[in-house]
Amino acid sequence: MKQVNQALAAEFGLSADEYQRVLDIMGRTPSFTELGVFSVMWSEHCSYKSSRVWLKTLPTKAPWVIHGPGENAGVVAIGDGLAAIFKMESHNHPSFIEPYQGAATGVGGILRDVFTMGARPVANLNALRFGDPKHPRTKRIVDGVVRGIGGYGNCVGVPTVGGEVNFHPSYNGNPLVNAMTVGIAATDKIFLSAAAGIGNPVVYVGSKTGRDGIHGATMASTEFGADSEEKRPTVQVGDPFVEKLLIEACLELMATDAIVAIQDMGAAGLTSSSVEMAGKGGVGIELDLDHVPQREPNMSAYEMMLSESQERMLMVLRPDREDIARAIFEKWDLDFAVIGHITDTGRIVVKHNGVVEADIPLDPLADQAPLYHRPTAETAKQPPIGPTADPIGLEAALLKLVGCPDLCSRAWITDQYDSTVGGQTVKRPGAADAAVVRLEGLKRALALTTDCTPRYVQADPEIGGMQAVAETWRNLTAVGARPLAITDNMNFGNPTKPEIMGQFASAIKGMAAACIALDYPVVSGNVSLYNETEGRGILPTPAIGGLGVLDDAADAVGLALKPGLTLVLIGETRGHLGQSLWLREILGREEGPPPPVDLAAERRNGDFVRHQILTANVAACHDLADGGLLVAVAEMAMAGQTGATLNPPPAGIAPHAWFFGEDQGRYLIATRAPGALLVAAVSEDIPAIEIGTTGGSDLTLPGGVTISLSSLQAEHARFFPEWMDQTHGDASH
Amino acid sequence: MQAAIVVFPGINRERDMAIALELATGHKPRMVWHKETTLDGIDLVVLPGGFSYGDYLRCGAMAAHSPIMAEVKRHAARGGYVMGVCNGFQIITEAGLLPGALLRNAGLRFLSMDCHLRVERADTAFTGHYQQGQTFRVPMAHGDGNYTASTEDLDRLEGEGLVAFRYAEPSGALTTAANRNGSARNIAGIFSPNLRVLGLMPHPEDLVDPLMGGTDGKPLFDGLAAALAA
Amino acid sequence: MKAIVTVMLKNGVLDPQGKAIGQALATLGFAGVGEVRVGKRIELDLAETDPAKAREAAEAMARALLANLVIESFSVEIV
Amino acid sequence: MKAIVTVMLKNGVLDPQGKAIGQALATLGFAGVGEVRVGKRIELDLAETDPAKAREAAEAMARALLANLVIESFSVEIV
Ligand SMILES: Nc1ncnc2c1ncn2[C@@H]1O[C@H](COP(=O)(O)OP(=O)(O)O)[C@@H](O)[C@H]1O
Ligand SMILES: [Mg+2]
């Protein structure tokens, strides 16, 4: 085994200062295994050393929040004595190396974070960002990631009900795969990870340990260079069948009183789970690795402690319930092993073959973990884009926009995800702004969405951060739900660069402002830094996962137009084209400031729309986002196979700005009772204007140009199937 | 009617099925663990959808050898009713209760979407609440639903009127486009010769509630409840 | 003793995976590839030390589980 | 000329299929089965008549498409 010294510490990703700190804590040269424990616990991924100072500024409280950040997932009360438990997590780097397994194990990992708290997972979502479709690698990555998400989620039987997909060259060498899981538990049956009870057994369940993904946590915390192909550790392969068994077995055990504490083995596997459980409980832990179920012969303590083999959990049990627990796991054909016990030493002691391989005091390992106040540089404000002329007209622009990769139909993707398993999916992907999933046996339903507009964040991180939170809130509102809380996944570049850290800090600032204004706290999240390839960062991408609740699933509205309705636009339209998709797709310019976000107006407009939905004045509703008003009309028309006739824009605004501007805080409502709706809007000072009527099978623009729904649909549907299926052979899965 | 749903490790649509059966019969079906060995007092045995044993070797192959399957075969031999949906259909064919096999979908991708089924005969316990020739909408969600059988078996199924459902256009037309997984002769479901064993790929149990987008699947369960009442 | 069970789709059973691979190879610029068939190779570590008995056991496993004789055929090799 | 490309998971990479098959065989009462590994066998009909060139071509196809070298290794046999 290699000599432990500063050079080895550097290889493990510890700086000279950090290594010195290890020496100070230990009072001696650490063993190889100890150095491994420090390196993964102090990695960016586990310690949040660059981001922590900023994350602390996020609002995390509300009367309905049961557990905010700090647990495996966030927990909010949703009524009927139930809690929603949810979190989002990234698997960006693994998905670049091996797209199928990287994405699949990402789904597996986030599922475990949720069911480890006692929740039955009821929905998955995913926020994906890929490189330029023309880049030679992108297609393979998209194909593998989509198959991987489906392969895992379909098999475990959790419906995949939503998500988002963007393309941009900045993701060419660094796709983003952010997976979100939502589960349901009784509010008085939530399981936490703080260990307790001196002498209580520490139990390992699930799959056996192999040499999978060793140093995955540190890999996720370093940027990719050209040599990353050689550096790749053994890729983790997911086993969704075992995950399914693990869900059922854990939930069965959780119905008893056997569990004192439970934690999934995620990044840095046995190390982080045992260290965190003991640390949170203020106790010590002793592990005897001889009892760890092993898949491969001759594994060292170091390998077992750092292995990231999937589908494993660690629990502390009541000693008198060990037999009940063992019987349940045996019934489900899963490994069950007592691998240690809780001590009062405040230390983690790891034995293997009778030798103490690690003996580390837990408090300093946590308290003295590095914490960086990294320098930040503010992103320069973008100058306004100035007046624009419309070179191609509304019709051509609309057809181009609905067919572009960022706006085209996602059916090719969602058709590969089982969205109906469970029998509770009220709004499937594409049917509404947020997915709606009813709670089995109840009227109550959850509304779920993920959103972020990275080009806005790049142009102005604070507004972009605000916008991302506001857009999720708007999407939940647009189905009639009461937004409750968010989870986030902060995907950024290299934090040692002041401009990247500046993006991070500003995005957090904007997110926090939106959370406060909308009463919409952050209850869980994840940070993924070093998303760069050869020095070029990705667009800053704070993906937001929003969760809301509907007291009655029957109140939910979708996008689909029906004939005989009036279209009413809620919110103020100035025709903001900076950073719009129209500007990028039609003029080829990625410029300007993003649309401003007026949080007070956002809230007023949203509360008005939700009230109208809940009083049954709304037949269909869609928030206005990428592509603006005309794209929203087109999407609603296609969803309902019903055309619309649009009024001319008000005086003083150019048609292309009116129809494609991306002003925030707006909704398009289709209603049978426009009169009542407009009166209500006026009385509450909500900007509202009739913009057209529905019917027929064409979209009729002001001036009489008509676009048939079938031609719109053809453009909309074309991109993915043409890109993916013409040539693609499926050799590996 | 007393129904039982067999729970194999990896199955994941047993809850959906229980909801649909309860809706039609007014009481909860019995959940039977795959290691149990008796189905006494059961009128209808349902093998639900999912990924038994991860579908790792072939879909349904390992579940077909579970202890309960011997009893399911005896139940069928006694003239009992059996319905296998999706993975359950795959298990039934692997167990030899119905002929043929389910191959990978022709496009090699998982297919999760609504499809339309044409009812080939309405004089069975499973289809009594549909009209012959009627089409109905139903979700499907599978990677291996491409039904295949020897030409002789296919001809026999056709000749004896044992094709239950075919993938069709909403109009009832049998097109290649409607047959997304590439099944032989658009076959989506088949009966045993005594019409008491049904295997089908799509999921009628997931379309029994207007809130989930429709009730096109409900007549199948209502029909069963009516036919097996007593 | 090791047994290798090879399971292939029977002749006449359409092999969509093989077909797709053939097409993909052609688009990748590989010329002169005719039919492509895809099957499974299952390697079994057997405690049995007698080759004849090992073969018999592996054949029994193939018939019972590893191959679906409706659509597949198998062969066994002992190494 | 026919090339047979055998693709197996690399040593150390989890093989969920193999594991599940091993368990199923045990449940079926087959004793003495140790590790089970599952891989793919891809049979290619090649127009090429020179064995060395055929092998070279098949190896190139395996690297380009048939094997996922991150987790799999392959071997080629010419028959
Ligand atoms: N960006 C963030 N916003 C809010 N909470 C966060 C964020 N990043 C991490 N957290 C919280 O920090 C804790 C540790 O996260 P993580 O290391 O991802 O947990 P795990 O290992 O269980 O997946 C969790 O409670 C998580 O919700
Ligand atoms: Mg966790």
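The values are calculated or read from the model by the stated rules, or taken from the named source; none is laboratory data. What you see is a predicted model; the values in this text were computed from it and never measured. Methodologically, a virtual Cβ is constructed for each residue, glycine included, from the backbone with ideal geometry; neighbour enumeration extends over all protein chains shown.
Some points to look at:
- Just one of the listed residues (B:Ala70, B:Ala77) is over 30 Å from C:Lys40 (Cβ atoms), modelled with pLDDT of 95 or more, surrounded by fewer than 21 Cβ atoms within 10 Å (Cβ to Cβ) and among the hydrophobic types (A, V, I, L, M, F, W, C), and it is B:Ala77.
- Sole exception among (1) on the phi > 0 side of the Ramachandran plot; (2) buried (at least 24 other Cβ atoms within 10 Å of the Cβ); (3) in contact (Cβ under 8 Å) with a residue 60 or more places away in the chain for A:Gly628, by number: (3)
- For the stretch B:61-98, the candidate set comprises residues that are within 12 Å of chain D (Cβ to nearest Cβ), in a loop (DSSP other than H, G, I, E, B) and out of contact with any Lys or Arg (no Cβ under 9 Å at 6 or more places or on another chain); within that set, the residue that is nearest to B:Leu154 (Cα to Cα) is B:Ala61.
- Test result for A:Ile66, at pLDDT 95 or above, within 16 Å of ligand 2 (Cβ to nearest atom), away from chain D (no Cβ under 14 Å) and under 22 Å from A:Val260 (Cα atoms): no
- Taking the stretch B:1-46 as the range and being at pLDDT 95 or above and touching a Ser or Thr at 6+ places or on another chain (Cβ under 6 Å) as the test, the residues that pass are B:Phe8, B:Gly10, B:Ile11, B:His34.
- Output for the stretch A:303-316, where each listed residue is modelled with pLDDT under 95 and more than 16 Å from ligand 1 (Cβ to nearest atom): A:Glu303
- Among the residues of the stretch A:261-288, those that are more than 16 Å from ligand 1 (Cβ to nearest atom) and surrounded by 24 or more Cβ atoms within 10 Å (Cβ to Cβ) comprise A:Ile285, A:Leu287.
- Screening D:Asn68 on (1) within 12 Å of chain C (Cβ to nearest Cβ); (2) among the polar types (S, T, N, Q); (3) out of contact with any strand residue (DSSP E or B) (no Cβ under 7 Å at 6 or more places or on another chain) shows it passes everything except condition (1).
- Taking the stretch A:151-212 as the region of interest, none of the strands (runs of 3 or more DSSP E) fully inside it holds 1 or more residues being of a type in the set (D, E, K, R) and crowded, with 24+ Cβ neighbours inside 10 Å.
- In the stretch A:108-121, the residues that are more than 13 Å from ligand 1 (Cβ to nearest atom) and not in a strand (DSSP E or B): A:Gly118, A:Ala119
- Looking only at residues of the stretch A:76-100 that are part of a helix (DSSP H, G or I) and within 16 Å of ligand 1 (Cβ to nearest atom), we find that the one that is surrounded by the most Cβ atoms within 10 Å (Cβ to Cβ) is A:Pro94.
- Selected residue (only one of C:Glu77, C:Glu56, C:Glu48 is in a helix (DSSP H, G or I) and either more than 14 Å from chain A (Cβ to nearest Cβ) or aromatic (Phe, Trp, Tyr) (or both)): C:Glu56
- Scanning the stretch B:38-66 for residues that are free of Cβ contacts under 8 Å to residues at least 60 places away in the same chain, within 23 Å of B:Ala125 (Cβ to Cβ) and surrounded by fewer than 24 Cβ atoms within 10 Å (Cβ to Cβ) returns B:Thr38, B:Leu39, B:Asp40, B:Gly41, B:Ile42.
- For first residues located in the stretch A:178-193 and touching a residue at least 60 places away in the same chain (Cβ under 8 Å), partners that are within 16 Å of ligand 2 (Cβ to nearest atom) and among the hydroxyl-bearing types (Ser, Thr, Tyr) and lie 6+ apart or on another chain with Cβ distances below 7 Å form the pairs A:Asn178/A:Ser90; A:Met180/A:Thr487; A:Phe191/A:Thr116.
- A:Leu334 being in contact (Cβ under 8 Å) with a residue 40 or more places away in the chain, within 14 Å of chain D (Cβ to nearest Cβ) and either more than 16 Å from ligand 1 (Cβ to nearest atom) or crowded, with 23+ Cβ neighbours inside 10 Å (or both): yes
- Test: residue in the stretch A:75-84 that is more than 30 Å from A:Val356 (Cβ to Cβ), modelled with pLDDT of 95 or more and either within 14 Å of chain D (Cβ to nearest Cβ) or within 16 Å of ligand 2 (Cβ to nearest atom) (or both): yes
- Residue match in the stretch A:517-529 (condition: touching a residue at least 12 places away in the same chain (Cβ under 8 Å), part of a helix (DSSP H, G or I) and more than 10 Å from ligand 1 (Cβ to nearest atom)): yes
- Scanning the stretch A:35-75 for residues that are more than 10 Å from ligand 1 (Cβ to nearest atom), within 19 Å of A:Ala543 (Cβ to Cβ) and in a strand (DSSP E or B) yields nothing.
- Subset tally (residues that are within 20 Å of A:Ala261 (Cβ to Cβ) and of a type in the set (Lys, Arg)) for the stretch A:339-361: 1
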